[in-house]
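Worksheet for the structure shown next.
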Amino acid sequence: MQVRFAIKSLYLFIISVIAVVSATAQNPYDRLSIMEVFTSATCEPCVGASDYLKTFIDPTNGVVSVRYHVDGPVAGDPWNVQNPTDVSGRVTFYGIDRIPWLFLNGVYVDSARAASIVNVINSDNDRKSPIKIDVTHTPKLGGGDVSVTVTSSIALNASYKLFVAVVSYFSPMPRVSWYDLRKS
């Protein structure tokens, strides 16, 4: 009886190891969490939310941020003026109807609840990815060249889409503030 139990246990252990090795082979790459934040310099609550979200953003811990400055609640957000088309496309993609709004790897996260943000980040970073994206930047006067290389352990087809965004870790606030815009 004990031998049967030992054999069954060994069998289950081997199947478990095969499943883990198989899953690891299919998803061998580390993940990076992308925090997409919809905000505006004309939105007073967004300013506080932005400062709060900075505590979670750290590339060394696997979290980067992409900010989309929408043209509201008061028109004239200085960052939106620079790139309204791409921002509008992303707003339409997610169906954003108010700000601030936060997505972590395409999943809505309640930005008012720190625990939910931390849980989603930890859960996401514990998983592996079947796709690796390498980005290199060659600096040149006035900007530079960016190269994106995709490596995958799965077959990619036309249903997969790659969205590339250029982010800056430091963007000085344009001379106009949300307060100035609200007065106009």
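The values are calculated or read from the model by the stated rules, or taken from the named source; none is laboratory data. As the structure is a computational prediction, the values presented were derived from the model and not from experiment. Here the Cβ positions follow ideal geometry from the backbone for every residue, glycine too, while neighbour counts run over all protein chains shown.
Are any of the residues in the stretch 86-109 among the hydroxyl-bearing types (Ser, Thr, Tyr), on the phi < 0 side of the Ramachandran plot and touching a residue at least 60 places away in the same chain (Cβ under 8 Å)?
no
When you go through Val118, Val146, Val135 one by one, which is the residue that is under 21 Å from Arg67 (Cα atoms), out of contact with any Leu (no Cβ under 8 Å at 6 or more places or on another chain) and either part of a helix (DSSP H, G or I) or not aliphatic (A, V, I, L, M) (or both)?
Step by step, each of Val118, Val146, Val135 is checked, and only Val118 is under 21 Å from Arg67 (Cα atoms), out of contact with any Leu (no Cβ under 8 Å at 6 or more places or on another chain) and either part of a helix (DSSP H, G or I) or not aliphatic (A, V, I, L, M) (or both).
Looking only at the stretch 75-111, count how many residues are under 27 Å from Ser129 (Cα atoms) and among the hydroxyl-bearing types (Ser, Thr, Tyr).
Of the residues in the stretch 75-111, 4 are under 27 Å from Ser129 (Cα atoms) and among the hydroxyl-bearing types (Ser, Thr, Tyr).
Does Val74 satisfy being in contact with a Lys or Arg (Cβ under 9 Å, 6 or more places away or on another chain) and modelled with pLDDT under 85?
For Val74, the condition - in contact with a Lys or Arg (Cβ under 9 Å, 6 or more places away or on another chain) and modelled with pLDDT under 85 - is met.
Quick check: is even one residue across the stretch 55-67 out of contact with any Leu (no Cβ under 6 Å at 6 or more places or on another chain), surrounded by fewer than 17 Cβ atoms within 10 Å (Cβ to Cβ) and over 30 Å from Ser152 (Cα atoms)?
yes
If we scan the stretch 55-67, do we find a residue that is more than 30 Å from Val118 (Cβ to Cβ), in contact with a helix residue (DSSP H, G or I) (Cβ under 9 Å, 6 or more places away or on another chain) and assigned to a loop (DSSP other than H, G, I, E, B)?
No, the stretch 55-67 has no match at all.
Limited to the stretch 121-131, what total is found for residues that are basic (Lys, Arg) and in a helix (DSSP H, G or I)?
So the count comes out to 0.
Being more than 19 Å from Pro59 (Cβ to Cβ), modelled with pLDDT of 80 or more and in contact with a strand residue (DSSP E or B) (Cβ under 9 Å, 6 or more places away or on another chain) narrows it down to one residue among Thr136, Thr151; which is it?
Thr151
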